[in-house]
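Following: one structure in structure tokens, then a few remarks.
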Amino acid sequence: MSRIFSGIQPSGELHLGNYLGAVKNWVQLQHQHPTIISIVDYHAITVAYDPELLRVRRREMAVSLLAAGVDPNVATVFLQSAVPEHTELQWIFNTITPLGELERQTQFKDKSARQESVNAGLLMYPVLQAADILLYRADLVPVGEDQMQHLELSRVIARRWNAAFGRGEDYFPEPQAVLTPTRRIMGLDGQAKMSKSMGNTIGLLETRDEIWAKLRPAVTDPARVRKTDPGHPDVCNIYHLHKAFSPPETVKHVYEQCTTAGWGCIDCKKVLLESMDQELVPIRRRAAELREQPQRVDEVLAAGATACRAIARQTVADVRERMGLD
Ligand code: SF4
């Protein structure tokens, strides 16, 4: 059966963009395919960071994933740095990856433009991503459209390594994208993708009051200046959040009320808050329970690392043997 690999940065608590854009999809897919989910802490250290905070954020990410429905009985969850074969395979892939290919990666260009000094880790980031995926010889990678270029590089690296060392066999499958069904979730400013660095997020585990404090002033259809102005739901982020959280009959009602100026945006947001509560209250409850049982989270991560190391060691042993490094 096709194996799925996905990674997420240990940015602490998940926000709704991560949850709707990735994690909810994993929760579905874990019942259809063997699924490996890595909290990619080696990726997180390519920018300046606080070690203590990283430690806390790795754990919080594990809590968020488990609370959101990632089930360690069917999926494997682990910390990337607990499986050193990731960096070993990355080194091997570095040696077959032209510098120009890495310098052309859009994310590298964007990130490096925002920094005074660019470290080599930032440039090699997509090679580590390729190693993350290919180490498990994963067939499928759930991604958003903004990750397609990196996934393509993973495919190129797999192809190149197979051609050089595969002895006529496609040892590494070329991983295919599973595009996330939810459209890109915009931030509360309505300007950019929801992202922690943009400060426009709603945390998955925030309380109802905290969520309302953010939702209330959130940007809606800019053409809707007065309550009597009919709105355009398709350009409104609140409507898209309704589509993610509200039942279909509510979404229909929202559309009608908006386009006929039947209600104001605050009314609309109050209904959204109720819909969000339906889904998020059980997640918050599970997260609170997990925070009370840190040893349970440690056990899940340790079991995940053990399972992943078994696969990773075999892959690296095969690679070493084929490359004359055994
Ligand atoms: Fe958006 Fe709802 Fe306001 Fe329409 S009524 S603009 S969907 S918040």
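The values are calculated or read from the model by the stated rules, or taken from the named source; none is laboratory data. As the structure is a computational prediction, the values presented were derived from the model and not from experiment. Neighbour counts run over all protein chains shown; Cβ positions are idealised from the backbone, glycine included. Please note that ligands, DNA and RNA were not included when accessible areas were found on the heavy atoms of the full protein model with its side chains. Shrake-Rupley method; radii C 1.70, N 1.55, O 1.52, S 1.80 Å.
Only one entry in D326, D277 is at pLDDT below 95, at negative phi and out of contact with any Leu (no Cβ under 8 Å at 6 or more places or on another chain), namely D326. For segment 171-191, the set of residues classified as in a loop (DSSP other than H, G, I, E, B) and over 16 Å from T315 (Cα atoms) consists of T180, P181, T182, R183, R184, I185, G187, L188, D189, G190, Q191, listed by residue number.
Open to solvent by less than 70 Å² (accessible area, probe 1.4 Å), more than 30 Å from L66 (Cβ to Cβ) and in contact with a strand residue (DSSP E or B) (Cβ under 9 Å, 6 or more places away or on another chain): is that true of R155 in this structure? For R155, the condition - open to solvent by less than 70 Å² (accessible area, probe 1.4 Å), more than 30 Å from L66 (Cβ to Cβ) and in contact with a strand residue (DSSP E or B) (Cβ under 9 Å, 6 or more places away or on another chain) - is met.
Hey, any hits in segment 104-112 for a residue that's among the hydroxyl-bearing types (S, T, Y), in the same structural domain as I45 (by TED's automatic domain parsing) and surrounded by fewer than 18 Cβ atoms within 10 Å (Cβ to Cβ)? Yes, segment 104-112 has at least one match. Can you find a residue that is touching a Ser or Thr at 6+ places or on another chain (Cβ under 9 Å) and assigned to a loop (DSSP other than H, G, I, E, B) anywhere in segment 149-170? No: zero hits. Of A213, A163, all but one fail to be open to solvent by 50 Å² or more (accessible area, probe 1.4 Å), at pLDDT 95 or above and not assigned by TED's automatic domain parsing to the domain that holds S64; the exception is A213. Taking R137 as the residue in question, decide whether it is among the basic types (K, R), modelled with pLDDT of 95 or more, at negative phi and surrounded by fewer than 20 Cβ atoms within 10 Å (Cβ to Cβ). No, not satisfied.
Within segment 295-326, being in contact with a Lys or Arg (Cβ under 7 Å, 6 or more places away or on another chain) and over 19 Å from W91 (Cβ atoms) holds for one residue alone: V297. T259 falls short on exactly one of the conditions (1) surrounded by 14 or more Cβ atoms within 10 Å (Cβ to Cβ); (2) of a type in the set (S, T, Y); (3) more than 27 Å from D132 (Cα to Cα), and that condition is (1). Screening the candidates L325, L301 for the property of being surrounded by fewer than 13 Cβ atoms within 10 Å (Cβ to Cβ), hydrophobic (A, V, I, L, M, F, W, C) and closer than 30 Å to R137 by Cβ yields one hit, L325.
Among residues of segment 116-127 that are in the same structural domain as H86 (by TED's automatic domain parsing), those with a Cβ under 8 angstrom from a residue that is assigned to a loop (DSSP other than H, G, I, E, B) and loosely packed, with under 13 Cβ neighbours inside 10 Å, sequence gap 6+ or separate chain, pair up as L122/Q115.
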